[in-house]
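The structure appears right after this line, and notes come after that.
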Amino acid sequence: MSSTKTIGIIGGGQLGQMMAISAIYMGHKVIVLDPAANCPASRVAEMIVAPYNDVEALRQLAERCDVLTYEFENVDADALDAVIRENQLPQGTDLLRIAQNRIFEKNFLSKEAGVPVAPYRVVTSSLDLENLDLSRSYVLKTATGGYDGHGQKVIRGQADLEEASRLANSTECVLEEFVTFDREISVIISGNGTDMAVFPVQENIHRSNILSKTIVPARISDELAQKAQSLAVQIAKKLGLSGTLCVEMFAADDSIIVNEIAPRPHNSGHYSIEACDFSQFDTHILGILGQPLPEIKLHAPAVMLNVLGQHMDKAQAYIAANPSAHLHLYGKLEAKPNRKMGHVTVFSDMPDEVEEMGKGTDF
Ligand code: AMP
C-alpha cells in the first residue's frame with residue numbers, strides 16, 4: 001500500500017489550509033471542497049468548488065480521495081454517509097452528529113463519557129421557561145447553529161425572559177445553569193483509533209465571544225491541568241477518536257466542567273505549530289491515517305494572539321517591533337471586522353508579560 005495518500009478536506013478556511021500544509025509536507029496530496037474558489041486552502045491544494053452539501057461534489061471528492069476529513073462540524077452528515085466508502089472518514093459521522101447538536105453533545109458528555117457538565121435541560125418552547133427559579137442564572141443556547149456566542153441568551157432575571165422566550169419559541173434549545181469559573185481552558189487531543197496524543201492545557205481569553213488570546217500552559221495548578229487532560233482522554237476513549245478534537249472547559253479552584261467539543265483542530269491549538277514538536281494539524285493528519293502518534297512536547301510557554309480584520313495594521317506594527325513573533329496570515333482577501341485573518345504566536349514565560357501582551361496593540 002502506498003504511504004502517499006490523497007486526502008479530501010471539506011472546508012477550505014484557515015483550518016483546512018493548515019491541515020493541508022501538514023499533509024503536504026508529509027508527502028500527501030490534498031483536494032479541498034469549498035464554495036469559494038479563492039478560499040485560504042486554495043493557495044496550497046487542488047479545489048472542487050461547490051457548496052458543502054452538494055452531494056455530487058461530495059461524491060466526486062470521495063471518489064478521488066483515499067481518506068476524507070472536515071475542517072468544521074456543520075457538514076451534512078447524511079450526505080456524507082451516502083457517498084463515503086467504508087472507513088473512508090475515520091472520524092465517522094456519529095461524532096459530527098454529536099458536535100452539531102448541543103442536546104446530543106450534552107447527553108453524550110454527561111451520560112456516555114461520564115464527564116462533568118453544567119446542569120442542563122432541554123427546552124422545546126417558552127412554556128419550559130415558566131416557573132424558572134430566577135434566584136439563579138442560566139444560559140439558553142440553541143441546540144443547533146450557534147457559534148461564537150450567537151444563538152445564546154443569558155438569563156439573570158425577569159428582564160431577560162422576554163428575549164429568552166422568543167429564542168425558545170424559535171427553535172429547540174438547551175438551558176444550562178450559569179457556571180462561575182476562574183478561567184476558560186481547552187485541551188487538544190488527537191487519536192488514531194487506538195492511541196492518543198494529548199497537548200498541554202490551553203487558557204483562552206475571549207473578547208466579544210471571539211477567541212482573542214491563548215496562553216500555554218494555562219495558569220492553573222498541575223493537579224487541575226492533569227484533571228483537564230484526563231477528562232479529554234476519557235472523552236476521546238469513548239469516541240474511539242481518530243483525528244484531532246478540542247475539548248473546551250471551565251476551570252474553577254479545584255473543579256472542571258466540560259462545556260463543548262469541536263471534532264477538529266481548533267483556534268486555541270494554533271500555538272502548537274511553533275511551540276510544540278508536532279502541531280494539532282500534524283497529529284490530525286497522522287491520526288486520520290491511522291499512523292502512530294508522538295508524545296507531545298511543549299518547547300516553551302507560548303501565547304497566541306488572534307488577528308481579526310480590524311487588527312491587520314496593528315499586527316503588522318507588532319511584528320515589526322517584535323521580529324521573533326511568528327505571524328500567520330491566512331490569505332483572506334477582505335479584512336472584514338471580526339473576521340479571523342491570521343494569528344501571532346510569541347514565546348513567553350513571564351505571567352506579567354503574558355497579561356499585557358497584545359493590550360497596547362488592541363489585538
Ligand atoms: P459556547 O458557545 O458554549 O462556547 O459559549 C460561549 C461562551 O459563553 C463561553 O466561552 C463562555 O464564556 C460563556 N458560557 C457558555 N456557557 C456558559 C455557562 N453554562 N455558564 C457560564 N458561562 C457560559
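In region 6-89, Rg over Rh equals 0.92, where Rg is the alpha-carbon radius of gyration and Rh the Kirkwood radius from pairwise Cα distances.
Taking a straight line from the alpha carbon of residue 213, these aspartates and glutamates sit under 15 Å away, with near neighbours fewer than eight places off in the same chain left out: 148, 184, 203, 248, 349, 352, 353, 355, 356, 362.
For region 12-23, 3J(HN,Hα) computed residue by residue from phi via the Karplus equation (6.51, -1.76, 1.60; θ = phi - 60°) reads x, x, 5, 5, x, 4, 6, 4, 4, 4, 4, 4 Hz, glycine and proline entered as x. Dividing the mean sequence gap of close Cα pairs (under 8 Å, 6+ apart) by how many residues the chain holds gives a relative contact order of 14 percent. The sum of -39500 (n - 2.57) across all DSSP H runs of n ≥ 4, divided by the residue count of the chain, sets its helix-only mean residue ellipticity at 222 nm to -8000 deg cm²/dmol. Given the Cα atoms of region 183-353, and with Rh set as the inverse mean 1/r over their pairs in the Kirkwood sense, what is Rg to Rh to two decimals? Ratio value, two decimals: 0.97.
Distances between placed amide hydrogens fall under 5 Å for residue 276 paired with 299, all partners being 5 or more residues away or on another chain. Per-residue 3J(HN,Hα) values for region 265-278, derived from phi via the Karplus relation 6.51 cos²θ - 1.76 cosθ + 1.60 with θ = phi - 60°, read x, 9, 3, 6, x, 5, 3, 5, 4, 9, 8, 10, 6, 10 Hz in sequence order (x marks Gly and Pro). Taking every protein chain into account, the accessible area of region 183-353 amounts to 39 square angstrom per residue (probe 1.4 Å). Name the shape class, rounded, prolate or oblate, that the alpha-carbon gyration tensor gives for the chain, where a ≥ b ≥ c are the square roots of its eigenvalues, rounded holds for a/c under 1.5, and otherwise prolate holds if a/b is larger than b/c and oblate otherwise. In terms of gyration-tensor shape, rounded. Partner lysines whose Cα lies under 16 Å from the Cα of residue 153, excluding those fewer than 8 positions away in the same chain, are identified as 141. Karplus-based coupling profile of region 329-338, in residue order and whole Hz: 10, 8, x, 6, 6, 10, 8, 6, x, 6, with θ = phi - 60° in 6.51 cos²θ - 1.76 cosθ + 1.60 and x standing for Gly or Pro. Could you tally the net charge around residue 88, taking each other residue with its Cβ under 13 Å from the Cβ of residue 88, Lys/Arg +1 and Asp/Glu -1? Net of charged neighbours comes to 0.
For residue 31, the amide hydrogen comes within under 5 Å of the amide hydrogens of 7, 8, 9, counting only partners 5 or more places away or on other chains and with H modelled in the peptide plane. Surface composition of the chain: carbon plus sulfur atoms hold 48% of the accessible area, using a 1.4 angstrom probe and ignoring ligands, DNA and RNA. The listed peptides 8-16, 306-314, ordered by packing as a protection proxy, come out as 8-16, 306-314 (highest mean of other Cβ atoms within 10 Å first). Within the same chain, lysines fewer than 8 places from residue 227 are excluded, and of the rest, those with a Cα less than 21 Å from its Cα are 106, 111, 237, 238, 297. The order of the peptides 153-163, 196-206, 216-226 by mean Cβ neighbours within 10 Å, most packed first, is 196-206, 216-226, 153-163.
The values are calculated or read from the model by the stated rules, or taken from the named source; none is laboratory data. Note that the coordinates shown come from a computational prediction; the quantities given were computed from them, not determined experimentally. Because the Cβ atoms are built from the backbone with ideal geometry, glycine has one as well, and the counts that use them run over all protein chains shown. To get the accessible areas, we keep the full protein, side chains included, count just its heavy atoms, and leave off ligands, DNA and RNA. Shrake-Rupley method; radii C 1.70, N 1.55, O 1.52, S 1.80 Å.
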